[in-house]
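See structure below.
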Amino acid sequence: MEGLLSRCRALPTLATCSHQLSGYIPHRCYHCDPERGKRLVLSRMFQPQNLREDQVLSLEGRSDDLTCKSQRLMQQVGLIYPSSPGCYHLLPYTVRAMEKLQRVIDQEMQAIGGQKVNMPSLSPAELWRATNRWDLMGKELLRLRDRHGKEYCLGPTHEEAVTALVASQKTLSYRQLPFLLYQVTRKFRDEPRPRFGLLRGREFYMKDMYTFDSSPEAARQTYGLVCGAYSSLFRRLGLRCIRVQADVGSIGGTASHEFQLPADIGEDRFAVCPNCSFSANMETLRLSQTDCPACQSPLTEARGIEVGHTFYLGTKYSSIFNAQFTDAQGRPCPAEMGCYGLGVTRILAAAIEVLSTEDCIRWPGLLAPYQVCLIPPKKGSKEEVATELTGQLYDLITEAVPQLRGEVLLDDRTHRTIGNRLKDANKFGYPFVIIAGKRALEDPAHFEVWSQNTGEVVFLTREGVTEFLSQVQVV
């Protein structure tokens, strides 16, 4: 316990970052002294809730359009709200979870040398025509013209744009490479049939990285580095993703892998060999192929949600846009490229899909919008005198466990019973719920602590609560 506490206390920068980036502290005080600052209270959250399943309707009012668990739950508890087919308002809880996911992504990408950029969503048609993808992408591209008749698309991906950007730097040397440039931005795709909520939409967030190396050997080494960073990311999120061989599709290149999260509603089918490390999307196998091409053992088929995709591009794009560097002999050479995508909104929805029960959301621990929910007694109950103790516990947690500043929420709806608020907290998926019930009247007071992801319930004193919560990891 002491070791975990020491490690948590060694993370003041991350705690401060989380506190600053949340930026959502306009809530009223709840039985607090002025010098203690403001407490986050549930009654002031903008979160349109439809906690009865029969109230959760799609944009057109047909409940049968709620085609998967994650979509139903996210609309039910007010994480998303439909705007138009395939487009959703991302509400405060979801934005907080997304910001946390982006911080984890930033940590993993920058650990391997990634540099963050931000490219325009509006992409000129001439860039796409140069690679023939203006026609190849067909109706998936959302196209438009400006007032001067100039054609653009809203970018679903940025291979053309980033290669043109690097090509504009005319004096690159091999000593400067590799470049690992990435962004986390909105992407657009004119899906013919948007469905499954955030799993398949027309507007979504994606992390896309583009790498530039001086040789095929160096590019393949970078490819392995990025794939390793993806595996590390999913391990930290507690998601058991499988890397499978995949088709290069319209992006092109000579090698490609998908990161698949096994799920019954997955639209991809992939094969895994239980005897060796072979795995592949079924699209890459022969129709009649049932045995592993590596060891001839029978293959096992599964369904999955594609949450990441990597491509080794070679010089496909760099040769078109003249993205060159000068080698050791002073000769101009096209850069060897790779591109690497992570579906940010899709990862969030896919995690909810596979981790949640039919009735209650469960988050990857690092991504929960708030780590702790405090439930004080019902107003007018015999335990009401413990209400002030709940506020004092809130202040103690945020002072004694610095990484949880901005991560504790007080359910101040004291007109409702503890049981009703606990049921809501269970649906929202806060990792830890702390209740001031009958035992809060004891001397010393004991609080009921629920660990939602394990089902464990313990009764702890104030000091026990802070020691217990000191183990919680945040980003």
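Results, tabulated for the structure shown:
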| quantity | calculated |
| --- | --- |
| Any chance Leu348 is at negative phi, part of a helix (DSSP H, G or I) and open to solvent by less than 20 Å² (accessible area, probe 1.4 Å) | yes |
| Total residues in the range 373-385, condition buried (at least 24 other Cβ atoms within 10 Å of the Cβ) and out of contact with any Ser or Thr (no Cβ under 7 Å at 6 or more places or on another chain) | 2 |
| Residue satisfying all of: in the range 461-475; without any contact (Cβ under 8 Å) to a residue 40 or more places away in the chain and in a helix (DSSP H, G or I); surrounded by the most Cβ atoms within 10 Å (Cβ to Cβ) among these | Phe468 |
| Given (1) out of contact with any helix residue (DSSP H, G or I) (no Cβ under 6 Å at 6 or more places or on another chain); (2) buried (at least 22 other Cβ atoms within 10 Å of the Cβ); (3) at positive phi, index of the condition Gly149 fails | (2) |
| Residue among Thr94, Thr157 that alone is touching a Leu at 6+ places or on another chain (Cβ under 6 Å), touching a residue at least 40 places away in the same chain (Cβ under 8 Å) and polar (S, T, N, Q) | Thr94 |
| Selection status of Pro216, under 29 Å from Cys153 (Cα atoms) and open to solvent by 30 Å² or more (accessible area, probe 1.4 Å) | no |
| Long-range neighbours under 9 Å by Cβ, at least six apart or interchain, first residue over 12 Å from Phe468 (Cα atoms) within the range 441-457, second among the β-branched types (Val, Ile, Thr) and open to solvent by 70 Å² or more (accessible area, probe 1.4 Å) | Leu441/Val385 |
| Qualifying positions in the range 126-139 - surrounded by 15 or more Cβ atoms within 10 Å (Cβ to Cβ) and either within 17 Å of Cys339 (Cβ to Cβ) or of a type in the set (A, V, I, L, M) (or both) | Leu127, Trp128, Ala130, Thr131, Arg133, Met137 |
| Top-ranked residue of the range 199-226 - restricted to ones that are touching a Phe, Trp or Tyr at 6+ places or on another chain (Cβ under 7 Å), in a helix (DSSP H, G or I) and of a type in the set (A, V, I, L, M), ranked as nearest to Ala350 (Cα to Cα) | Val226 |
| Among the candidates Thr222, Thr211, residue that is at pLDDT 95 or above and closer than 24 Å to Ser121 by Cβ | Thr211 |
| Failed item, numbered, when Ala425 is tested on (1) among the small types (Gly, Ala, Ser); (2) without any contact (Cβ under 8 Å) to a residue 24 or more places away in the chain; (3) surrounded by 18 or more Cβ atoms within 10 Å (Cβ to Cβ) | (2) |
| Criterion violated by Leu225 - all others in (1) open to solvent by less than 50 Å² (accessible area, probe 1.4 Å); (2) out of contact with any Asp or Glu (no Cβ under 8 Å at 6 or more places or on another chain); (3) of a type in the set (A, V, I, L, M, F, W, C) satisfied | (1) |
| Complete set of residues in the range 319-333 that are in a loop (DSSP other than H, G, I, E, B) and under 38 Å from the mean Cα position of the chain (by Cα) | Asn322, Ala323 |
| Tally, over the range 165-175, of residues that are farther than 12 Å from Phe321 by Cβ and open to solvent by 90 Å² or more (accessible area, probe 1.4 Å) | 3 |
| Pair list, Cβ under 9 Å, 6 or more apart: the range 243-268 residue hydroxyl-bearing (Ser, Thr, Tyr), other residue exposed (fewer than 15 other Cβ atoms within 10 Å of the Cβ) and part of a loop (DSSP other than H, G, I, E, B) | Ser256/Asp247; Ser256/Gly249 |
| Members of the range 428-447 found to be of a type outside the set (A, V, I, L, M) and within 17 Å of Asp412 (Cα to Cα), listed by number | Phe428, Tyr430, Phe432, Gly437, Phe447 |
| Qualifying residue in the range 386-393 (condition: open to solvent by 10 Å² or more (accessible area, probe 1.4 Å), without any contact (Cβ under 8 Å) to a residue 40 or more places away in the chain, of a type in the set (Val, Ile, Thr) and outside any strand (DSSP E or B)) | no |
| Qualifying positions in the range 407-460 - in a strand (DSSP E or B) and under 27 Å from Val95 (Cβ atoms) | Val408, Leu409, Leu410, Phe432, Val433, Ile434, Trp450, Ser451 |
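The values are calculated or read from the model by the stated rules, or taken from the named source; none is laboratory data. Since this is a predicted model, take the numbers as computed values, not measurements. Cβ coordinates were reconstructed from backbone atoms using ideal geometry, including for glycine residues, and neighbour counts include every protein chain displayed. Just the protein is used for accessible areas: all its heavy atoms, side chains included, with ligands, DNA and RNA removed. Shrake-Rupley method; radii C 1.70, N 1.55, O 1.52, S 1.80 Å.
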